[in-house]
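The values are calculated or read from the model by the stated rules, or taken from the named source; none is laboratory data. Given the structure is predicted, the values throughout are model-derived calculations rather than measurements. Heads up, the Cβs are rebuilt from the backbone with ideal geometry, glycines too, and the neighbour counts pull from every protein chain shown. Only protein heavy atoms, including side chains, enter the accessible area calculation; ligands, DNA and RNA are left aside. Shrake-Rupley method; radii C 1.70, N 1.55, O 1.52, S 1.80 Å.
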Amino acid sequence: MDAAAERAGCMRPARFLAPALLAGALLFCCGAATAHFLLNVNIRVFHAVHEPDGLRLLARVPMPYLLADKTGYAGAGGLPQPAPYTYNRMVDGEVMHYFAAADFNQRPRGLGQFLADGLVLQSGGRSLAAEVGEVRVWPAASQPPFARLDEAKRALTSPLQSGPVAETAEIFVGDSVVDVELFYRSGGGGKIGAYMLGSTLNPGLPQQEQTANLIIDHGAGRDETLIFRVRGLMREPVEISRSPWKAAWTFARAGVHHILEGKDHVLFVVCLLLGAGSFASLAWRITGFTAGHSATLMLGFFGYAPKAAWFVPLVEVGIAFSIIYVAADAVLRNAKHGAAAITALLGLLHGLGFSFVLREILHVDSPNLWQSLLAFNAGIEAGQLMIAALVWPPLWLLAKRLPHRRNALRWAIALPCMAVAAVWAGDRLVLFAASAGLAG
């Protein structure tokens, strides 16, 4: 290439500056992205125990899922009519909803009936009616463990008057969880095999479609326990069978969804592809990233990561900066030696983010743990490959058809990615400073 052509090639990125910044603005308007974890995600847990004459369901559900749609709008004093088992109070001009412990102590099973009415359990082509057993209420901050069947049983057999159900206690509805025991009789006097579990509950909560549901189906022993992971409100009933492959598939699908819906991770993978000069280079980059994030995903999940409040925001900051680095590397770096090693190092950072998500929906003592971990990891990889399959062909085709504009096109894609990531990094640095006590 002669000097004039080289100068022209260097000036072409300026022609794409306006559309690049416009694309960045549009992407930014889609909303800021948290990194790889939502620590305030709502989780519903269902332990299904097969018994000789039916199915016993031990469920933990955030209280707003049962009561949020039962609040009226014609209350006295400017306050909305309270939902059952609640009372309202105006605090600093805002309506606050509190749990009415006295009402619950008088009729605890009525609260559990809301869940019984909202769940749909079908077996043999017909819906089964639920009988409400024990019901307990806990503040979310001090809820007893519920990951294993023995823990769920202990939570539901604890003294009714303990903890938050004391009538002098005052807790927010939004900070409470409800444990409910339901029993579904088979009708024919035999065990229930495969069944469908769905829900008609629609509380109208923000981001309720991101709800994580764990359905833990217990066989005769621990080795026969299967975990199904379902996202959303379960409007469409979920088939629960004794197939370990179907259980694993639910975690693989969760991994795919997590990748494809994470704006920051999509940007990272796009920039990763942008810097690959050939398919072989792309394969090495993906392999390096896979090795890195798989390692820290496991280490972070099993607790080998700092527990301090500042660590999660710090990881989010690092993930935002990793997008800036990979985008800049794609347009500024000529030598591509060591790209796989670099992406492996960045994968270590992203793997920590994945591990925090996984810890929200699994526990280290959960049954069938390794099957679920491997399936989730496989889903993450499948999501990355989907992004690659979508982005790589047009990039490759444009590079072949317009070789003289290759650098300009890279700039047009990399600039908005860097701009958006820089804004995210700034927001996350503020959160990190606050969590680390550095903010004034």
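Residue check: Gly437 meets all listed conditions (1) assigned to a loop (DSSP other than H, G, I, E, B); (2) surrounded by 15 or more Cβ atoms within 10 Å (Cβ to Cβ) but one, namely (2). Within the stretch 238-247, can one find any residue that is within 27 Å of Gln384 (Cβ to Cβ), part of a strand (DSSP E or B) and at pLDDT 80 or above? Yes, the stretch 238-247 contains at least one residue that is within 27 Å of Gln384 (Cβ to Cβ), part of a strand (DSSP E or B) and at pLDDT 80 or above. For the stretch 94-103, indicate whether the set of residues that are farther than 23 Å from Pro206 by Cβ and either part of a strand (DSSP E or B) or in contact (Cβ under 8 Å) with a residue 60 or more places away in the chain (or both) is non-empty. Yes, the stretch 94-103 has at least one match. From the list Leu267, Leu205, Leu272, Leu233, exactly one residue is in contact (Cβ under 8 Å) with a residue 24 or more places away in the chain and in contact with a strand residue (DSSP E or B) (Cβ under 8 Å, 6 or more places away or on another chain). Which is it? One residue alone meets the criteria, Leu233. Residues in the stretch 159-194 that are open to solvent by 30 Å² or more (accessible area, probe 1.4 Å), modelled with pLDDT of 80 or more, within 30 Å of His50 (Cβ to Cβ) and among the hydrophobic types (A, V, I, L, M, F, W, C): Ala194 only.
Each residue in the stretch 402-417 was checked for being within 21 Å of Ile324 (Cβ to Cβ), touching a Lys or Arg at 6+ places or on another chain (Cβ under 9 Å) and open to solvent by 50 Å² or more (accessible area, probe 1.4 Å), and 2 pass. Among the residues of the stretch 393-416, are any within 23 Å of Gly351 (Cα to Cα), in contact with a Phe, Trp or Tyr (Cβ under 8 Å, 6 or more places away or on another chain) and assigned to a helix (DSSP H, G or I)? Checking the stretch 393-416: not a single residue is within 23 Å of Gly351 (Cα to Cα), in contact with a Phe, Trp or Tyr (Cβ under 8 Å, 6 or more places away or on another chain) and assigned to a helix (DSSP H, G or I).
Taken together, Leu233, Leu272, Leu260, Leu297 contain a single residue that is in a helix (DSSP H, G or I), farther than 17 Å from Ala389 by Cβ and not basic (Lys, Arg), which is Leu297.
Residues that are farther than 22 Å from Leu415 by Cα and open to solvent by 10 Å² or more (accessible area, probe 1.4 Å) were ranked within the stretch 255-277; the one that is modelled with the highest pLDDT is Val256. Restricting attention to the stretch 36-56, the residues that are open to solvent by 50 Å² or more (accessible area, probe 1.4 Å) and either modelled with pLDDT under 90 or small (Gly, Ala, Ser) (or both) total 6. Within the stretch 113-142, the set of residues being open to solvent by 30 Å² or more (accessible area, probe 1.4 Å), outside any strand (DSSP E or B) and closer than 13 Å to Ala59 by Cα comprises Gln113, Phe114.
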